[in-house]
């Protein structure tokens with residue numbers, strides 16, 4: 001574990017810490033005030049779009065109306081994407097002449113990008129035309145991220161708002177949140193970021209693949225395309241779908257160490273900023289910092305464990321005469337090394353991003369366990385854009401309730417009592433997630449057709465199956481990469497898992513916001529459990545880890561844990 005690696009980790013953590021407050025303040029102005037930034041210019045665009053879609057920005061929605069609008073928009077956009085992929089060959093901007101996408105793969109891809117998962121059962125440069133990359137896929141990178149931000153804001157309003165004199169129980173307006181997220185946040189930031197990526201060497205062109213002569217005198221086809229524009233929102237919206245199959249290990253997607261650092265920064269910055277936005281909505285910045293502290297602690301623990309595991313030699317290479325003094329370099333981009341690769345792996349799986357600059361399938365058993373467990377905790381360690389905040393808030397409500405039972409304190413959060421209905425919704429949220437991971441993984445583990453797609457047997461093969469469904473249900477999109485997922489079984493099963501992992505988790509979060517919005521705020525007393533200090537952050541971390549361990553440890557014990565024990569005894573799968 002080198003000095004340069006420590007510097008990289010500390011610089012990255014410091015950048016996120018320093019930028020959290022200003023980004024949170026900007027987001028608060030955009031979504032919760034009447035004076036958003038650049039109101040005379042961007043505000044004019046917002047008003048035009050709202051007028052075109054016929055939405056009154058002052059008319060808010062109940063949680064049911066908010067959910068119905070979100071579901072309708074997502075269903076329509078998924079159908080449009082499926083149709084575009086099925087008609088790809090006859091559409092413009094297809095210099096490669098790619099054929100229409102197979103129905104099963106088109107369904108999987110449409111479900112993947114609609115749900116902010118961006119799982120890819122294909123090689124982008126060999127299957128998707130430029131138009132498909134930009135219009136069918138990158139479009140979802142914006143809309144799915146904006147929808148996630150909207151749900152986080154809706155739940156935050158339910159927790160933070162005081163009940164109005166007219167008894168209204170509204171959580172905002174989905175269409176307003178969707179448009180504001182695009183106009184004020186995602187599109188401007190993506191334009192600036194894309195230009196920075198171009199300056200670093202990321203390609204941005206409509207040209208087709210180029211044939212070049214290598215130094216050995218052979219012919220090689222190099223794929224090109226509009227990469228920088230997709231790369232910006234891929235990271236900023238915690239999407240993760242790469243233009244190229246190698247994703248952020250490809251030099252046209254991630255050419256320099258600065259670009260690598262910028263990509264990690266973009267993955268975390270909006271989820272981190274939203275914690276500060278929540279603190280402002282709660283009228284107490286310490287509420288947001290308590291959530292930020294818990295997220296940061298879990299992130300640092302995961303990063304250090306993963307880095308430590310990969311700084312060790314790979315048991316599979318023992319006896320082959322390979323110099324492993326620099327750690328396990330198998331599957332890693334040597335430009336970034338072990339430290340840069342493990343930090344990226346931790347960041348991308350803490351958030352529901354899925355971009356990778358190394359192959360997680362080649363990690364040592366414990367190194368591979370960390371990315372998998374990061375997702376299984378619920379994608380709340382900063383998490384996806386919006387998704388991380390509402391997942392963490394639900395865990396905060398569970399923590400308050402458990403703490404109240406332990407010490408006899410009143411279960412309240414932001415002055416609102418946590419009662420039976422809220423706990424049922426919170427528990428439902430925590431139960432849905434493991435169900436849509438473990439049940440299909442168990443099915444795949446005994447299905448001959450599913451097993452035929454594995455490149456490994458034994459515990460590592462089980463890890464590949466478990467990671468695939470974990471990534472799909474967690475809307476992450478990364479993979480162990482030892483699995484050929486482009487079959488009918490995997491395309492349909494993973495596609496269904498993505499849809500369930502997105503929308504079956506959104507609905508309890510919105511319902512919880514609806515349940516909390518009408519509650520009266522009671523003044524704090526000696527019986528109120530404080531939710532603003534380091535003690536609450538530590539307890540929140542403990543609850544998250546205990547819930548995750550109780551749920552997934554038996555499955556992990558059969559996969560990466562067994563593999564680690566076997567590796568110590570000299571047996572490698």
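Summary of values
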item: Which of 85, 48 has the fewest Cβ neighbours within 10 Å, and the rest in rising order; result: 48, 85
item: Cα centroid separation, region 43-74 to region 82-116 (Å); result: 28 Å
item: Residues of region 360-384 with amide N under 19 Å of a point placed 7 Å along Cα→Cβ from residue 318; result: 362-369
item: Those residues of region 12-32 whose amide nitrogen sits under 20 Å from the label point placed on residue 199, 7 Å along Cα→Cβ; result: 12, 15-16, 19
item: DSSP beta bridge pairing in the chain, given as percent antiparallel to the nearest 5; result: 90 percent
item: Sorted by Cβ neighbour density within 10 Å, fewest at the top, the residues 66, 184; result: 184, 66
item: Additional length obtainable on full extension of the chain from residue 424 to residue 98, 0.36 nm per residue less Cα span; result: 112.5 nm
item: Prolate/oblate/rounded label for region 344-408 (Cα gyration tensor, a/c 1.5); result: oblate
item: Virtual spin-label span in nm between residue 51 and residue 565, 7 Å along Cα→Cβ; result: 6.9 nm
item: Neighbour-count order for 413, 390, fewest beta carbons within 10 angstrom listed first; result: 413, 390
item: Cα shape, region 236-351, gyration tensor, a/c 1.5 rule; result: oblate
item: Net length gained if the chain between residue 526 and residue 71 were fully extended (0.36 nm per residue, minus Cα distance); result: 159.5 nm
item: Within region 172-190, backbone nitrogen closer than 19 Å to the virtual label 7 Å beyond the Cα of residue 40 toward Cβ; result: 184
item: Modelled FRET efficiency - R0 25 Å, residue 219 with residue 126, Cβ distances, 0.05 increments; result: 0.90
item: Cα gyration tensor category, rounded, prolate or oblate, for region 1-120 with a/c compared to 1.5; result: oblate
item: Peptides ranked, highest mean first, by Cβ atoms within 10 Å: ranges 141-152, 239-250, 340-351, 556-567; result: 340-351, 141-152, 239-250, 556-567
item: Per-residue [θ]222 nm for the chain (sum of -39500 (n - 2.57) over DSSP H runs n ≥ 4, rounded to 500); result: -20000 deg cm²/dmol
item: Förster-model FRET efficiency, 25 Å R0, residue 439 and residue 135, C-beta, rounded to 0.05; result: 0.10
item: Packing rank of 119-132, 395-408, 205-218, 368-381, where each peptide gets the mean count of other beta carbons within 10 Å, highest leading; result: 368-381, 119-132, 395-408, 205-218
item: Length released on extending from residue 210 to residue 245, taking residue separation times 0.36 nm less the Cα-Cα span; result: 10.9 nm
item: Region 368-398 versus region 517-568: alpha-carbon centroid distance in Å; result: 10 Å
item: Correct choice for volume of the Cα convex hull per residue in Å³ that was computed from the model, options [x] 259; [y] 152; [z] 174; result: [y]
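Bear in mind these aren't lab numbers, they're just calculated from the coordinates by the rules spelled out. Bear in mind the structure is a predicted one, so any value in this text is a computation, not a measurement. FYI the Cβ positions are ideal-geometry reconstructions off the backbone, even for glycines, and counts take in every protein chain you see.
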